[in-house]
Amino acid sequence: MQWLFPHLMEAWSINQALHAEKIRVRPDERQWTVAVADPAGLLHYVEPDARPLLELEWPGMRTQRLPEHAVHDLLNRPGQRVDGTHIIVVPAMAGRLLFLKLRARVAADSLTPREHAIAAQIAQGLTHKEIARRLDLSPATVRNQIQSIHERLDVRNNAQLVAKLRQARG
């Protein structure tokens with residue numbers, strides 16, 4: 001048993017790492033990092049980029065355990081995006097483990113639902129008049145919303161806006 005146990009633990013760690021990689025939306029989305037916890041919040045696997053993000057969101061977090069309130073929120077919202085103060089988390093349950101896909105918040109995460117709807121249609125290449133027709137708004141309202149979105153995301157044109165939206169995708 002003493003000989004076999006370290007090998008089993010190593011196999012378990014490798015299995016968690018491989019499964020963690022699967023929960024990324026696409027392999028090229030390196031802004032997402034992954035951590036694995038059990039339902040009690042004990043962290044079993046944490047990618048190097050994940051630890052500083054977890055500690056930023058929950059200062060004073062015990063080194064190997066998520067705060068109880070955070071675990072409760074994440075367990076109750078599997079597959080749903082959870083917006084924290086400093087991070088975005090998408091939890092997923094796999095057996096008895098909680099896989100956390102997380103990234104730092106970006107400016108586009110603070111857009112309102114209406115601004116997101118307008119920005120998404122800009123990304124599709126629609127004009128402000130086409131967006132106004134689709135959303136049943138006046139063209140002036142859409143133009144003002146686009147200007148507000150540009151200011152909030154600190155962009156000067158729609159091409160820069162689309163780049164910022166891709167950064168926040170997920």
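Scanning the range 130-168 for residues being aliphatic (A, V, I, L, M) and touching a residue at least 60 places away in the same chain (Cβ under 8 Å) gives a total of 1. Please go through the range 135-152 and give me each residue that is among the charged types (D, E, K, R) and surrounded by 14 or more Cβ atoms within 10 Å (Cβ to Cβ), ordered by number. Within the range 135-152, 143, 152 qualify.
Please verify whether residue 155 is β-branched (Val, Ile, Thr), surrounded by 14 or more Cβ atoms within 10 Å (Cβ to Cβ) and under 30 Å from residue 52 (Cβ atoms), treating the condition exactly as stated.
So residue 155 fits the description; yes.
Scanning the range 35-54 for residues that are surrounded by fewer than 18 Cβ atoms within 10 Å (Cβ to Cβ), at pLDDT 90 or above and in a helix (DSSP H, G or I) turns up just one, 52. Residues that are modelled with pLDDT of 85 or more and either among the aromatic types (Phe, Trp, Tyr) or assigned to a helix (DSSP H, G or I) (or both) occur at least once in the range 78-99. Search the range 109-129 for residues being surrounded by 15 or more Cβ atoms within 10 Å (Cβ to Cβ) and free of Cβ contacts under 8 Å to residues at least 12 places away in the same chain, and hand back the single one that is nearest to residue 146 (Cα to Cα). Only one residue fits best here, namely 116.
It is to be established whether one or more residues within the range 81-89 are touching a residue at least 60 places away in the same chain (Cβ under 8 Å), under 25 Å from residue 49 (Cβ atoms) and surrounded by 14 or more Cβ atoms within 10 Å (Cβ to Cβ). Yes; the residues of the range 81-89 include at least one that is touching a residue at least 60 places away in the same chain (Cβ under 8 Å), under 25 Å from residue 49 (Cβ atoms) and surrounded by 14 or more Cβ atoms within 10 Å (Cβ to Cβ).
The values are calculated or read from the model by the stated rules, or taken from the named source; none is laboratory data. Here the structure is a predicted model, which means the values were calculated and not measured. We place every Cβ from the backbone using ideal geometry, glycine too, and count neighbours over all the protein chains shown.
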